[in-house]
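The next block holds one structure in the form of structure tokens; read it before the comments.
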Amino acid sequence: MKHVEGTKPARPSHDEQLLELLRDREGDYVSGAELADALGVSRTTVWNHVEALRREGYGIDACTHRGYRLASVPDRLLPDEVRRRLRTRWLGRTLWCYRETDSTNDIALDRAAEGAAEGAVVLAEAQRRGRGRFHRKWLSPPGANILASVILRPEVHPSLVSQLVITAAVAIAEALNALYKLDAQIKWPNDVHVGGRKIAGILAELSAEAERTNHVVVGIGLNVNMTRSELPRAVRSTATSVQIELGRAVSRLDVLAELLAQLETCYERWRRDGFAPVKARWVGLSSAVGRRVEVVSGTTKLTGLVADLDDDGALLLRLDSGLIRKAASGDMTVVG
Ligand code: BTN
């Protein structure tokens, strides 16, 4: 099975068929002859497929006179493993998985421009040039976290895309809370924090005309199994991961499945019912509503109490003078 990329192939490859046959026996041995028969290949070819699957990380025991059995499945974002866990109707049903790429957002932007369907997802185990907001680098050790870019095509005015990004932040926080009761919160505009440390970020990039959005790529970096020593030194005191919070590694495949399920639900609710329900969830998950914050954007600094979230995603701050001012973008810190 090539772990490079793939939408659902018309016919499963021999590797996939072999895996399916082994899975069906739930850990029991299947003879080489039976596998060779079912696949219509020689026993040597079966062995070659077993080796290929092992290289992908599958634990396959081989025993003379008994055959092969599936002992373990890797926690890797392989197309087949992701698909088996998906509970969505349309999100992630087209999937491209990479061992390494420059940035999943770049691939998703290209695929979207070529006409990829809404809900298509690009995943990577590692990125050479992962990027975050404000041209910052997004660093993630290979195979530790979730690096995902989702293609969406909301029929909305480009000014409303910020609502979609907030919707995605809500979905990430809901997924972490549903799976692990992490008490994840949203730090404006769309970072997800646990215990005051950043666990996930979103970089949304869009193609739009004056009045019309063509497509949006929602890039999500979610720290799952990164250890404290793997955190880049610069963010060691301000970032975290699921593993750091729980004290144990978790299944990235489970996290991804929950994340995509929550995202599909939240996105559909936003498209159907508008921003009000998303905003209500955001307020419930926000770490700053009612608190005094400072928002720095370029050379501008605004300080005030967080009063609300505007429909364009801007933070509404009550200044000391009592005036309400909008902070459209920037870095926010709680003060006092
Ligand atoms: C941020 O908080 O600054 C946003 C980080 C977004 C990182 C993700 S990882 C997957 C996707 N590909 C990228 O290059 N960036 C986003």
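The values are calculated or read from the model by the stated rules, or taken from the named source; none is laboratory data. Please read all numbers here as calculations on a predicted model, not as lab measurements. Counting neighbours? That spans all protein chains shown, and the Cβs are built from the backbone with ideal geometry, glycine included. Only protein heavy atoms, including side chains, enter the accessible area calculation; ligands, DNA and RNA are left aside. Shrake-Rupley method; radii C 1.70, N 1.55, O 1.52, S 1.80 Å.
Among L22, L77, L222, the largest mean-square fluctuation in a Gaussian network model of the chain, built with springs joining Cα atoms closer than 10 Å, belongs to L22. Taking D37, D24 and ordering them by how much accessible surface each has at a 1.4 Å probe, largest first, produces D37, D24. Dipole size of the stretch 65-219 about its Cα centre, with +1 on Lys/Arg Cβ and -1 on Asp/Glu Cβ: approximately 680 debye, rounded to the nearest 20. Keeping all protein chains in position, work out how much accessible area D183 exposes to a 1.4 Å probe, and write it in Å² to the nearest 10. Accessible area of D183: about 110 Å². Taking the empirical scaling 2.2 N^0.38 Å for compact globular proteins as reference, the stretch 22-128 has a Cα radius of gyration ratio of 1.34. Within the listed set L182, L21, L260, the residue fluctuating most in the Gaussian network model of the chain (springs between alpha-carbon atoms under 10 angstrom) is L21. Based on the Kirkwood approach, the hydrodynamic radius assigned to the chain is 21.5 Å, with every pair of different Cα atoms included. Summing charges over neighbours of R318, with a neighbour being any other residue whose Cβ is under 14 Å away from its Cβ, gives 0 when K and R count +1 and D and E count -1. Between F275, P79, G330, the Cα set farthest toward the positive side of the dipole of the chain (charges on each charged residue's Cβ, about the Cα centre) is that of G330.
Taking only Cα atoms, what is the 0 to 90° angle, nearest 10, from helix 252-273's long axis to the longest principal axis of the chain? Roughly 50 degrees, rounded to the nearest 10.
For the stretch 101-134, the list of GluC sites (Glu not before Pro) that fall in a loop by DSSP and count at most 13 other C-beta atoms within 10 angstrom reads E114. Computed from Cα atoms, the angle from the helix 43-55 axis to the main principal axis of the chain rounds to 20 degrees. The T45 and D312 beta-carbon pair, evaluated with R₀ = 45 Å, returns a calculated FRET efficiency of approximately 0.15. When the Cα gyration tensor is reduced to axis lengths a ≥ b ≥ c, the ratio a/c is 1.5 or higher for the stretch 83-154, and with a/b not above b/c it is classed as oblate. A simple charge model with +1 on the Cβ of Lys and Arg, -1 on the Cβ of Asp and Glu and nothing else charged puts the dipole of the chain at about 840 debye relative to its Cα centre. For the chain, the number of Lys pairs with C-alpha atoms closer than 24 Å, counting only pairs eight or more positions apart or on separate chains, is 14. If you add up the charges near R128, with Lys and Arg at +1 and Asp and Glu at -1, over every other residue whose beta carbon is less than 14 angstrom from its beta carbon, what do you get? Taking every Cβ under 14 Å from that of R128, the sum is 0. What is the calculated FRET efficiency for R212 to K326, with r their C-beta to C-beta distance and R₀ = 30 Å, to the nearest 0.05? In this case the efficiency is close to 0.75. From the alpha carbon centroid of the stretch 65-97 to that of the stretch 188-254 is 23 Å. Other residues with beta-carbon under 12 Å from the beta-carbon of L152 carry, at +1 per Lys or Arg and -1 per Asp or Glu, a net charge of -3.
Please work out the Cα center distance from the stretch 18-35 to the stretch 265-336, rounded to the nearest Å. Comparing the Cα centres of the stretch 18-35 and the stretch 265-336, I get a distance of 54 Å.
Provide the FRET efficiency to the nearest 0.05 for the S297-E26 pair, computing r from the beta carbons and using R0 = 51 Å. That gives a FRET efficiency of 0.35.
For the stretch 97-235, the share of DSSP beta bridges that are antiparallel, to the nearest 5, is 90%. Once you've got the GNM for the chain with C-alpha springs shorter than 10 Å, pick whichever of I172, I186, I107 has the biggest mean-square fluctuation. Ranking I172, I186, I107 by mean-square fluctuation puts I107 first. Computed from Cα positions, the angle between helix 14-24 and the longest principal axis of the chain comes to roughly 90 degrees.
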